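Visitor: Dumping the structure here so I can ask a few things about it.
The values are calculated or read from the model by the stated rules, or taken from the named source; none is laboratory data. All figures in this text were calculated on a predicted structure; none of them were measured in a lab. FYI the Cβ positions are ideal-geometry reconstructions off the backbone, even for glycines, and counts take in every protein chain you see. SASA here: full protein model, heavy atoms, side chains in, ligands and nucleic acids out. Shrake-Rupley method; radii C 1.70, N 1.55, O 1.52, S 1.80 Å.
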Amino acid sequence: MRQALRLVVVLGAMWLLTGCAFTTSKLDVAYSTDSAQGGPLAALPPRVVNVAAFTDKRPDTARIGYKRNGFGAKTADIVSARPVPEIVRDAIAAELAKSGHGAAGAARPEEVVSGEVTDFWFDLAIGFVSIEYTGTVGAIVNVTDAAGTSLLSRRYQGVQIESRLAGYEGAWTEVMNTALAKLVREMSTDFQLAEALTKK
Amino acid sequence: MLADPAHINRLATVLVVVPGTTGSFTVVNARADGNTGAAIGAMFGLVGVTVGGVIDATMKSSSDARDMARFENVPPPDGIRIAFVDAFRAAVARAGRPGIELTDRSVGAAESRKYEAVAILAIGEWGLRRLERSERSAGGIAGFLDIDARLSRSRDGEVLWSERETVIGKGRGDITAYQADGELLRRELRETFAAAGHRMAMEILYPRARP
């Protein structure tokens, strides 16, 4: 009886473990303006800025990473709960609004911000005693004036690397959130972007 | 770790010290794959895990050491550190904060006390690091540097900011491309160090709350 119970427990544990390893994980990545830093962008007088939809230029748009086993082999996809271009676009719009530049959908914006998402990837490497997580978010941000004349095109990125003893979807989401926040911070502390918004 | 961003904002004078680079050029390529030896050794129990893990770690370190040995045009640490220092100074100048001064030499206690706070930005390990191991990316190797930042108030020694940050460059080349093209390597490292200098300046100029 005891052996049968042990077998059930072992099989149950295996089912749970393989179930986790072989099923798709969905991460709900988002930017919080609580971590906003201020910077050259926030020091500008308020601008009427529209943030247009971002396009998806990632090499692989079907997933944002792979689950891997201890041998490093891919076992399942990691996907985003929301469309990736929307996540990055919303993060940039939120930061601009927090810095005093907004008016979404305004009929006569002074500037229009658009962009292309080039990277949005989560990777993990299982080490001897810990797991290293890497989150990478990259985008090209374009600024035009109301007439459509290009004022600036800049590539921004956020990379977060951290080691943990263990972690699952919650930890992975935190890594991607931090990578996204780093991209936004790089943008909000860019003097050239601030200058572009005050050219006209 | 950060006390309160307002404490840093109120500092009128800050001396920022960037001491000589302590770390040396390194390549994290094979090691970026993690350690698969432990999993293979698991078939032989705990001893297998340990032996497999150690063997795998040794093999990957050797592979990275061989990669490093093939570089002939690694810029000297002090030469590349200038990019960090220059970017930091440029950011402070553009932000218009005359009270923040940077020095790249050691300073004594007497000199430190002339400032309300002293920040030490210590550059540790630096070099090239593989970010991805997905087949979607042929190279995926970027410049990197580790920085230990520590900002202390002079009057009571309270630490206002302490953080270890790894700054990653924007290059995504292949290891052989960096080995073959010295200018590509220098540009990637220079831009990574400059990005790090700018970012550290921003952390002091516009401090933010940490979770």
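Visitor: For the subset of the range A:70-85 comprising residues that are of a type in the set (A, V, I, L, M, F, W, C) and over 29 Å from B:Arg208 (Cβ atoms), which member is most open to solvent (accessible area, probe 1.4 Å)?
Guide: A:Phe71
Visitor: Also, I was wondering about something else. Do we have A:Lys67 as open to solvent by 60 Å² or more (accessible area, probe 1.4 Å), touching a strand residue (DSSP E or B) at 6+ places or on another chain (Cβ under 8 Å) and at pLDDT below 95 here?
Guide: no
Visitor: When the residues of the range A:116-134 are filtered to those that are open to solvent by 40 Å² or more (accessible area, probe 1.4 Å) and part of a strand (DSSP E or B), which remaining residue is nearest to the other protein chains (Cβ to nearest Cβ)?
Guide: Out of the qualifying residues, it is A:Ile126.
Visitor: Okay, moving on. Just checking, how many residues over the range B:170-184 are touching a residue at least 12 places away in the same chain (Cβ under 8 Å) and under 12 Å from B:Asp67 (Cβ atoms)?
Guide: Result for the range B:170-184: 4.
Visitor: A further question follows. Residues A:Val88, A:Val175, A:Val113: which one is buried (at least 19 other Cβ atoms within 10 Å of the Cβ) and assigned to a strand (DSSP E or B)?
Guide: Step by step, each of A:Val88, A:Val175, A:Val113 is checked, and only A:Val113 is buried (at least 19 other Cβ atoms within 10 Å of the Cβ) and assigned to a strand (DSSP E or B).
Visitor: If you scan the range B:56-81, which residues turn out to be more than 14 Å from B:Asp33 (Cβ to Cβ) and surrounded by 15 or more Cβ atoms within 10 Å (Cβ to Cβ)?
Guide: B:Met68, B:Phe71, B:Val74, B:Pro75, B:Pro77, B:Ile80, B:Arg81
Visitor: Right, next: Could you check the range A:56-94 and list, in sequence order, the residues that are β-branched (Val, Ile, Thr) and more than 14 Å from the chain's Cα centre (by Cα)?
Guide: Listed by number, the list holds a single entry, A:Thr75.
Visitor: Same structure, new question: I'm told B:Gly140 meets every condition in (1) on the phi < 0 side of the Ramachandran plot; (2) buried (at least 21 other Cβ atoms within 10 Å of the Cβ) except one. Can you identify the failing condition by its number?
Guide: (1)
Visitor: A further question on this structure: (1) touching a Gly at 6+ places or on another chain (Cβ under 6 Å); (2) within 11 Å of chain A (Cβ to nearest Cβ); (3) open to solvent by 30 Å² or more (accessible area, probe 1.4 Å): which one isn't true of B:Lys170, the others all being true?
Guide: (1)
Visitor: Under the condition of being closer than 18 Å to B:Glu183 by Cα and part of a helix (DSSP H, G or I), which residue from the range B:49-75 is nearest to the chain's Cα centre (by Cα)?
Guide: B:Met68
Visitor: Related question: Kindly indicate whether any position in the range A:154-162 is buried (at least 20 other Cβ atoms within 10 Å of the Cβ), under 30 Å from A:Phe128 (Cα atoms) and among the small types (Gly, Ala, Ser).
Guide: Yes: the range A:154-162 contains one or more residues that are buried (at least 20 other Cβ atoms within 10 Å of the Cβ), under 30 Å from A:Phe128 (Cα atoms) and among the small types (Gly, Ala, Ser).
Visitor: Follow-up. Has the range A:184-196 got at least one residue that is in a loop (DSSP other than H, G, I, E, B) and within 22 Å of the chain's Cα centre (by Cα)?
Guide: yes
Visitor: Can I ask one more? Would you say B:Asp148 is open to solvent by 50 Å² or more (accessible area, probe 1.4 Å), more than 14 Å from chain A (Cβ to nearest Cβ) and free of Cβ contacts under 8 Å to residues at least 60 places away in the same chain?
Guide: Yes, satisfied.
Visitor: If you don't mind, another one. Taking the range A:65-76 only, how many residues are more than 10 Å from every other protein chain (Cβ to nearest Cβ) and part of a loop (DSSP other than H, G, I, E, B)?
Guide: Final tally of qualifying residues: 0.
Visitor: Residues of the range A:39-64 being surrounded by fewer than 19 Cβ atoms within 10 Å (Cβ to Cβ), part of a loop (DSSP other than H, G, I, E, B) and aliphatic (A, V, I, L, M), which ones?
Guide: Of everything in the range A:39-64, those that are surrounded by fewer than 19 Cβ atoms within 10 Å (Cβ to Cβ), part of a loop (DSSP other than H, G, I, E, B) and aliphatic (A, V, I, L, M) turn out to be A:Ala42, A:Ala43, A:Leu44, A:Ala62.
Visitor: Is it the case that the range A:90-102 has a residue that's farther than 18 Å from A:Gly170 by Cβ, within 12 Å of chain B (Cβ to nearest Cβ) and without any contact (Cβ under 8 Å) to a residue 60 or more places away in the chain?
Guide: no
Visitor: I'm trying to understand the selection: among the residues of the range B:75-103, which are within 16 Å of B:Gly23 (Cβ to Cβ) and in contact (Cβ under 8 Å) with a residue 60 or more places away in the chain?
Guide: B:Pro75, B:Ile80, B:Arg81, B:Ala83, B:Phe84
Visitor: Follow-up. Which residues, counting only those in the range B:87-102, are buried (at least 16 other Cβ atoms within 10 Å of the Cβ) and either away from chain A (no Cβ under 14 Å) or assigned to a loop (DSSP other than H, G, I, E, B) (or both)?
Guide: Within the range B:87-102, B:Arg97, B:Ile100, B:Leu102 meet the criteria.
Visitor: Now, a different point. Mind counting the residues in the range B:186-200 that are buried (at least 18 other Cβ atoms within 10 Å of the Cβ) and in contact with a strand residue (DSSP E or B) (Cβ under 8 Å, 6 or more places away or on another chain)?
Guide: Residues flagged as buried (at least 18 other Cβ atoms within 10 Å of the Cβ) and in contact with a strand residue (DSSP E or B) (Cβ under 8 Å, 6 or more places away or on another chain) within the range B:186-200 amount to 8.
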